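A.B. asks: Pasting a structure below so you can have a look.
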Amino acid sequence: MTDITQNNGEKFGEFSASYEGQSGGVLQYEWKDENTFNIVHTEVDENFGGKGIGKHLISAAVEYARKEGKKIEATCPFAHSVLEKDDSVKDIFKP
């Protein structure tokens, strides 16, 4: 089971994933303005590769953006690729 927590700061934030009680990965973002954050880095611990943790982290970011009325940009290649292929996020993703 993957648990996601968020730490949101004034300029930077992150979503952290734990898998079976261990740190599994992190998605880091920076605020571009009050309505848009940019995903700058997504990393999954090599011991948890193939478990979908990266996509869980992106899903948490999408859920947060929708709930708070925010937009997402992604300079992180992994996040950009995932979001670009997902038609359901066209309302919040700014490619």
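The values are calculated or read from the model by the stated rules, or taken from the named source; none is laboratory data. Quick caveat, the model's predicted, so the values are computed rather than measured. Backbone-built Cβ (ideal geometry, glycine too); neighbour counts: all protein chains shown. The protein model used for the area step is the full one, side chains on, heavy atoms only, and it has no ligands, DNA or RNA in it. Shrake-Rupley method; radii C 1.70, N 1.55, O 1.52, S 1.80 Å.
A.B. asks: Could you run through the stretch 10-21 and say how many residues are assigned to a strand (DSSP E or B), within 18 Å of Lys55 (Cβ to Cβ) and not hydroxyl-bearing (Ser, Thr, Tyr)?
C.D. replies: Qualifying residue count for the region: 3.
A.B. asks: Any residue in the stretch 37-58 that is closer than 17 Å to Thr75 by Cα sitting within a Cβ distance under 7 Å of a residue that is open to solvent by 90 Å² or more (accessible area, probe 1.4 Å)? List the pairs, counting only those 6 or more apart or interchain.
C.D. replies: Asn38/Lys32; Asn38/Thr75; Val40/Thr75
A.B. asks: List pairs: first in the stretch 84-95 and in contact (Cβ under 8 Å) with a residue 40 or more places away in the chain, second surrounded by 10 or more Cβ atoms within 10 Å (Cβ to Cβ) and of a type outside the set (Val, Ile, Thr), Cβ under 7 Å, 6+ apart or cross-chain?
C.D. replies: Lys94/Lys71; Lys94/Glu73
A.B. asks: Right, something else. Mind counting the residues in the stretch 1-29 that are surrounded by 17 or more Cβ atoms within 10 Å (Cβ to Cβ) and either of a type in the set (D, E, K, R) or in contact with a Lys or Arg (Cβ under 7 Å, 6 or more places away or on another chain) (or both)?
C.D. replies: Qualifying residue count for the region: 2.
A.B. asks: Within 12 Å of the chain's Cα centre (by Cα) and either free of Cβ contacts under 8 Å to residues at least 12 places away in the same chain or not in a loop (DSSP other than H, G, I, E, B) (or both), is that true of Gly25?
C.D. replies: yes
A.B. asks: For the subset of the stretch 36-95 comprising residues that are among the hydroxyl-bearing types (Ser, Thr, Tyr) and under 10 Å from the mean Cα position of the chain (by Cα), which member is nearest to Gln6 (Cα to Cα)?
C.D. replies: Going through the qualifying residues, I end up with Tyr64.
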